[in-house]
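Report on the structure given below.
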Amino acid sequence: MRTRILFLAVIASTAISQSCKKDNAAMVPTEQDEVSTVNSALAQLGFDTTSVIIKGDNIFVEDDIVLKKSELFKTQPRQAVIQPNTLFSGIWAYRLRSFTYFISNSLGNHRHVAAGMDELRRVMPNNVVITRVYNEAAADLVFRGYNEVSTICGFASWPTITLTPSAISEMIVGESVHINLHNWRDLNESQRKALIAHEVGHAIGIRHTNWRAGEQEATPGPGGATYGAYTVPNTNNTGTNPDPSSIFNGGSCGRSWGGGFTENDRRAIVYVSIGLTI
Ligand SMILES: [Zn+2]
């Protein structure tokens, strides 16, 4: 349904990255039918299933996006957030709930993490407040460091949507962003800022810009629901990588902040957060 992809999510994409391949050796062996069940659910959600890795309850897709297996099959709230965030009968599909974040001591140089968050804050609509806290228990989103010899620079939890009976549904930021210290220590401040902004984008439901290389477009599914990758209105979606300077390009670990968020990145952030098309 190409013509309907008006609402398409952004920016989704595939993990084109050589720089982001996950180490398959780390994959926990799983039953084949479990894998195919998970893959089928992921395909419905529009994710590329060619490089899925299951580790316990975590499902890694496209290198650096983490979904919870235990939540994958819930009908409500649905794990996959990227859905048209548009106006239905006067009600927004959902709004991103204001959130707090905490930077764990396991991750060095908090200033660089905060710098990435400040960039996001600059383009985030005012009604979504992002606040740093210094007590982990008070945080909605936690940044953590880990060490792994791999080309992955980090990964982020996908958000969830909480449906509220009579009000606007809320999107709840993903619970964590993990940064691979093995690579982080070699990145400069500009590269770190770009990495943080990229991962937090996933935590608020933004997929990779270059998604067309491996994902399925949104198509009608069972019960009239539509599943798949949605693009952001008013963004160019032709070709497999329509916005190559996007901070949300997959496989971009090590890139510098440069010009920062592109115009389309900004559109995606506003659209996914409060549903406004700019
Ligand atoms: Zn990514």
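Distance between the C-alpha centers of the stretch 91-116 and the stretch 129-198? Whole Å please.
Taking the Cα centre of the stretch 129-198 as reference, the centre of the stretch 91-116 is 6 Å away.
Counting only Cα, what are the radius of gyration and maximum Cα-Cα distance Dmax of the stretch 231-278, in Å?
For the stretch 231-278, the Cα-based Rg and Dmax read 11.0, 31 Å.
Need one value: the accessible area of Asp140 in square angstrom, 1.4 angstrom probe, rounded to the nearest 10.
Here the accessible area works out near 70 Å².
PRE reach from Ala167 (point 7 Å along Cα→Cβ): which of the stretch 253-278 fall under 20 Å by backbone N?
Residues 273-276 fall inside that zone.
Sorting Asp243, Asp265 by accessible area (1.4 Å probe), largest first, what list results? Please report the intermediate quantities before stating the final value.
Values: Asp243 20, Asp265 0 Å².
My answer, sorted largest first, is Asp243, Asp265.
The values are calculated or read from the model by the stated rules, or taken from the named source; none is laboratory data. Computed from a predicted model, the values in this text were never measured in an experiment. Backbone-built Cβ (ideal geometry, glycine too); neighbour counts: all protein chains shown. With ligands, DNA and RNA removed, areas are computed over all heavy atoms of the protein, side chains included. Shrake-Rupley method; radii C 1.70, N 1.55, O 1.52, S 1.80 Å.
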